[in-house]
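First up is the structure itself, then whatever we jot down about it.
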Amino acid sequence: MEDTIPIHADHVTSVKLALNIDNLLNRQYFPKGFSNTDYYGNTYLSVLEGMPRFVFGSVMVKF
């Protein structure tokens, strides 16, 4: 979600607001899986667990 607000001030031309949300429902997920081999030659599977809910906001001001 992103919005730009025009500003009519002396030095500021616009303000841009952004809000990002990842994993909104906070579900457990596995974005990547791979097989690997240990020192003795045994093959095993590994998975990477996804990040929990994450909210990030930003403000950009143009002069």
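The values are calculated or read from the model by the stated rules, or taken from the named source; none is laboratory data. Note that this is a predicted model, so its numbers are computed, not measured. In this analysis, Cβ positions are derived from the backbone assuming ideal geometry, glycine residues included, and neighbour counts consider all displayed protein chains. What goes into the accessible areas is simple: the full protein's heavy atoms, side chains included, and nothing from ligands, DNA or RNA. Shrake-Rupley method; radii C 1.70, N 1.55, O 1.52, S 1.80 Å.
General observations
- For the range 11-26, the set of residues classified as surrounded by fewer than 10 Cβ atoms within 10 Å (Cβ to Cβ) and more than 15 Å from the chain's Cα centre (by Cα) consists of H11 only.
- Residues of the range 48-63 satisfying the condition of being open to solvent by 100 Å² or more (accessible area, probe 1.4 Å), out of contact with any His (no Cβ under 7 Å at 6 or more places or on another chain) and not in a strand (DSSP E or B): E49, M51, R53
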